[in-house]
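The values are calculated or read from the model by the stated rules, or taken from the named source; none is laboratory data. Predicted, not measured: the structure shown is a model, and the values here were computed from it. Cβ sites come from the backbone with ideal geometry, for glycine too, and all protein chains shown count toward neighbours. To get the accessible areas, we keep the full protein, side chains included, count just its heavy atoms, and leave off ligands, DNA and RNA. Shrake-Rupley method; radii C 1.70, N 1.55, O 1.52, S 1.80 Å.
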Amino acid sequence: MPTQPITPDSSGYYGDYGGMFIPEILRTTFDELIAAFYKAKADPEFWQSYVEVMQNYSCRPTPVTPLENFAKSLGGKFQIFCKREDLNHTGAHKANNVMGQGLLVQRMGKQRVIAETGAGQHGVATATMAAKMGLECTIYMGSVDVERQRPNVFWMEQLGATVISVTEGTATLKDAINAAMRDWAESMETTHYVLGTTCGPHPFPEMVAWFQSIIGQESREQMLKINGKLPDRIYACVGGGSNASGIFLPFLDDNTVELVGVEAGGHGLESGEHAARFYGGTVGVAQGYKTYFFQDDEGQMMHTHSIAAGLDYIGVSPILSHLHDQKRIRFTAATDAAVISATKLLIRTEGIIPALESGHAFAAVVEEVPQIPDGTQVLINLSGRGDKDIFNIAEAIGDEKWQEFLKAKVMNQRN
Amino acid sequence: MNLTKYLKNRLEPSQGATGLKSTKRKILLMTHVVVGYPSLEANWKMLEAMGESDVDLVELQMPFSEPSADGPLFVKANQEALRNGIRWKDYFDLMQRASGKFDFPVLMMGYFNTAFAMGFENYCANIRKNGGEGFIIPDLPLEEYGDLFELSRKQELDPIMLCTPTNTDERLQKICAQGSGFIYCVARKGVTGKNTDLDQSANNFLQKCRGYTDLPLALGFGLSEPQDLRKLQGKSEIAIVGSALLKTWEAEGETGYRKHLMSLAAARE
Ligand SMILES: Cc1ncc(COP(=O)(O)O)c(C=O)c1O
């Protein structure tokens, strides 16, 4: 069972960040969830059952793969490894969180789950968990994301979930979260809200980080086994912060390990069209918690942009905000263009197709090559696989044959 | 103004008290305006109608981009108001005009990030300066008030606390102990804008709150018709009507809105 090197205070705060800014109607539900979570957290059998499920259903432990060709193509005298969260069932680290929360739902005796989704990865993972565990499932998804991620919508529906397209606000992830919160304010007696990342009111950041820390816990053992030492640097992309928290936190007390979080640089930080909260954000309170938000000077949330739907979000984990202020984690951003190019390089040199979200971590490494000292061992969290992004990647690359194929498909459907 | 006294004064005395005029009301009416939706001009017409029907209390909602405790109609209203370019200044200008012109007290209603971004001290000072009497923050639990309690007392503002039927007795007691002005009782689970059955469980809930406070009780979420107010007489001191009136404005315009409002106002006696 992993020990958490960082836990919130009794009000759910990590330093200045986090807390529980919830409508009073949900207070009792949160109290019950906190009690159930802490009971499970203190119970070694619960963690054991979680690990077993992840082994039998989701390919854990996922391997650490040395990326010799990729490193060589960058011309540096360093080694790069990646943690293969893409090999999880349903193709991303999201599986860790949903299966963990699913086990908790079984303990709490609820029959229905709801979730928000941006890229659709968390939606598919939740729908999968619900199918496996026999739970009713509703997924809220911004209508813009429904457009961007149709294949995931298709699979969620096949898995038996009801997908509700949210048209309010910017019709993206943040609006899906509001919609899920509203559902929960009415359905809490029978329903658990499977929040998909290390955001939202306490205890979600702590709970999601706990389940995701299986990534870092395994990585630690694997790196020690491969190299006899810990990595020098770890890179992870940061949307809400769950895959980053998962790989970072078990290394938090290892001061020699540099932790680098990579946010979505979109069209470039100067363009204003990005989702780098630690660059353009200020501290605020929304969606139930206090953190850095992408907001204007009157506290209204602003539009974010990223080529990766999973990073296109206004807020960021309070755990990461705290560690940002503490300077324990360094944050940087990768632009859409740099991500496409790093993604192509990884595909060509290693035969691994990363999600565009994960591509951000690789792009940051590519960008920082000149500053990486010889002999450095770099670990990258490959949070998910890229199959889901085929439409976006093909469009970004401008692959004509793919466009022909799409046209032909549409014609066939019409006939 | 002492809000609690004002409210109690407008109500018929409970049985046993003497010497008060019979024109007094059996229940009071609090109405709601989302500032900037459909427009500031329309808001003013709504407020004029409220003035004419002698509404007892009005909450002015500051729009927010993430109105997570609101239902579809108010979500749209928040969003459109922001699209109309409503900023703090527009909001407080309207508050000042309203408090200057009408007899009813006005309250600030809005999500916590506005208070946080403004700074608690400015937040309270701005409400006071523009004639508000208190504020309602639906996503701020009492644990997170910090020095907002003290600062509001300094400006003689009432922070209005919310009680809900899912709260434990212990929690209700704690919330009521911090209450000021009146207590906002949320009639049911869910968000704004759906009908509420004023059934036995709502009564039990109100009675429970009554046990923890001497402040007037306001019941809100889902009230729409005069008969809702009549049913509530003797159970809560204030009935809150929000979405239902806005819905009428959308469907029937100003004329329908006035008619609806008058019928609600008449149901107080
Ligand atoms: C593959 C992948 N990586 C990363 C993310 C970003 O989320 P987080 O920052 O919580 O890991 C997502 C979100 O959908 C994702 O699908």
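Under the classification rounded if a/c is under 1.5, otherwise prolate if a/b is larger than b/c and oblate if not, where does segment A:185-276 fall, given a ≥ b ≥ c as square roots of the Cα gyration tensor eigenvalues?
The shape class here is oblate.
Give me the dipole magnitude in Debye, nearest 20, for chain B about the Cα centre, with unit charges on the beta carbon: positive for Lys and Arg, negative for Asp and Glu.
560 debye
Evaluate the charge dipole of the protein assembly as shown about its Cα centre and quote only its size in Debye, nearest 20, assuming +1 on the Cβ of each Lys and Arg and -1 on the Cβ of each Asp and Glu.
Here the protein assembly as shown has a charge dipole of around 940 debye.
Taking every pair of alpha-carbon atoms in segment B:121-184, what share in percent sits in each 10 Å bin, from 0 to the bin with the longest distance?
Reading the bins upward from 0: 21, 55, 20, 4.
Enter the accessible area of A:Asp43 (Å², nearest 10), with the probe set to 1.4 Å and all protein chains included.
Here the residue's solvent-accessible area equals roughly 40 Å².
Could you run the Karplus curve 6.51 cos²θ - 1.76 cosθ + 1.60 with θ = phi - 60° over segment A:288-294 and give me ³J(HN,Hα) per residue in whole Hz, x for Gly and Pro?
Computed from phi, the couplings for segment A:288-294 are x, 8, 9, 6, 6, 10, 7 Hz.
Taking 8 Å as the Cα distance limit and 6 or more residues as the minimum spacing, I'd like the relative contact order of chain A as a percentage.
Rounded, it is 20 percent for chain A.
Normalized C-alpha radius of gyration of segment A:160-218, against 2.2 N^0.38 Å?
Expressed relative to 2.2 N^0.38 Å, the Cα Rg reads 1.32.
Per residue and in cubic angstrom, what volume does the convex hull of the Cα atoms of chain B have?
120 Å³
I'd like the GluC sites (Glu not before Pro) in segment B:123-159 restricted to DSSP loop residues with at most 13 other Cβ atoms within 10 Å, sorted by number.
Hits after loop and neighbour filter: B:Glu156.
Of all alpha-carbon pairs in the protein assembly as shown, indicate the percentage at a distance above 46 angstrom.
Here the long-distance tail beyond 46 Å is 24 percent of all Cα pairs in the protein assembly as shown.
A:Pro63: net charge of surrounding residues, Cβ under 11 Å, Lys/Arg +1, Asp/Glu -1, itself excluded?
Spelling it out: positives minus negatives among the neighbours equals 0.
Lys and Arg at +1, Asp and Glu at -1: add these up for the other residues within a Cβ distance under 10 Å of A:Ala95 and post the number.
+1
Around A:Lys72, with a cut-off of 13 angstrom between Cβ atoms, what is the net charge of the other residues, counting Lys and Arg +1 and Asp and Glu -1?
Result for the neighbourhood of A:Lys72: 0.
Which cross-chain or sequence-distant (5 or more) residues have an amide H under 5 Å from the amide H of A:Ala333, H modelled 1.01 Å from N in plane?
Residues meeting the amide H criterion: A:Glu263.
Which of A:Glu350, A:Glu258, A:Glu24 moves the most in a Gaussian network model of chain A with Cα springs under 10 Å?
Top of the fluctuation ranking is A:Glu24.
Just going by the charge dipole of segment B:35-169, with Lys and Arg at +1 and Asp and Glu at -1 on Cβ, which of B:Tyr123, B:Tyr145, B:Ala42 is farthest out on the positive end?
So the residue furthest toward the plus end is B:Ala42.
What does the helix-only formula give at 222 nm for chain A: each DSSP H stretch with n ≥ 4 adding -39500 (n - 2.57), the total divided by the residues, and the result rounded to the nearest 500 deg cm²/dmol?
Estimated from H runs of four or more residues: -13500 deg cm²/dmol.
Before anything else, pin down the relative contact order of segment B:90-134: Cα pairs under 8 Å, at least 6 apart, normalised by residue count, whole percent.
57 percent
Kindly write out, for segment B:95-106 in residue order, the coupling ³J(HN,Hα) from the Karplus curve 6.51 cos²θ - 1.76 cosθ + 1.60 (θ = phi - 60°), rounded to whole Hz, with x marking Gly and Pro.
4, 5, 4, 5, 5, x, 9, 10, 7, 5, x, 10
Under the Karplus relation 6.51 cos²θ - 1.76 cosθ + 1.60, θ = phi - 60°, what is the ordered set of whole-Hz ³J(HN,Hα) values for segment A:16-33, x standing for Gly and Pro?
So the Karplus estimates, Gly and Pro as x, are 8, 10, x, x, 9, 9, 10, x, 4, 4, 9, 4, 5, 4, 5, 4, 5, 5 Hz.
Among the lysines, select those whose C-alpha is under 30 Å from the C-alpha of B:Lys154, and discard any that sit fewer than 8 residues away in the same chain.
Reachable lysines: A:Lys290, B:Lys5, B:Lys8, B:Lys89, B:Lys101, B:Lys129, B:Lys174.
First compute the accessible area of the protein assembly as shown with a 1.4 Å probe, then give the percent of it belonging to carbon and sulfur atoms.
Summing carbon and sulfur atoms, their accessible area is 49 percent of the total for the protein assembly as shown.
If you take the square roots of the eigenvalues of the alpha-carbon gyration tensor of segment A:34-190 and sort them as a ≥ b ≥ c, do you get rounded (a/c under 1.5), prolate (a/b over b/c) or oblate?
Cα axes put segment A:34-190 in the oblate bin.
When only C-alpha pairs under 8 Å and at least 6 residues apart count, what is the relative contact order of segment A:214-337, in percent?
Computed value for segment A:214-337: 27 percent relative contact order.
Show the residues, 5+ positions off or on another chain, whose built amide H is closer than 5 Å to the amide H of B:Asp158.
HN-HN under 5 Å from B:Asp158: B:Gly134, B:Phe135.
Quick one: accessible area per residue over chain A, 1.4 Å probe, rounded to a whole number of Å²?
I get 36 Å² per residue for chain A.
Taking amide H positions as placed in the peptide plane 1.01 Å from N, state which residues far from B:Val34 in sequence (5 or more) or on other chains have amide H under 5 Å from it.
B:Gln61
Which values of log₁₀ I(q)/I(0), to two decimal places, follow from the Debye formula for segment A:179-332 at q = 0.10, 0.15, 0.19, 0.20 Å⁻¹ with a uniform point scatterer at every Cα?
One equal scatterer on each Cα of segment A:179-332 leads to -0.38, -0.81, -1.16, -1.24.
Using the Cα centre as the reference, give the magnitude of the dipole from point charges on the C-beta atoms of segment A:282-331 (Lys, Arg: +1; Asp, Glu: -1; all else neutral), rounded to the nearest 20 debye.
So the magnitude is around 380 debye.
For the pairs A:Lys110/A:Lys174; A:Lys41/B:Lys208; B:Lys24/B:Lys235, note any where the Cα-Cα span goes beyond 27 Å.
Flagged as over cut-off: A:Lys41/B:Lys208.
Please average, across the residues of A:286-299, the number of beta carbons from any other chain that are within 10 Å of each residue's own beta carbon, and give a whole number.
Per-residue shielding by partner chains comes out at 4.
Which of A:Ser213, A:Gly266, A:Gly299 sits closest to the plus end of the dipole of segment A:200-324, meaning its Cα is farthest towards the positive end, when Lys and Arg get +1 and Asp and Glu get -1 on the C-beta?
Value: A:Ser213.
Ignoring ligands, DNA and RNA, how much accessible area is buried between chains A and B, both sides summed, with a 1.4 Å probe, to the nearest 100 Å²?
It comes to approximately 2900 Å² buried between A and B.
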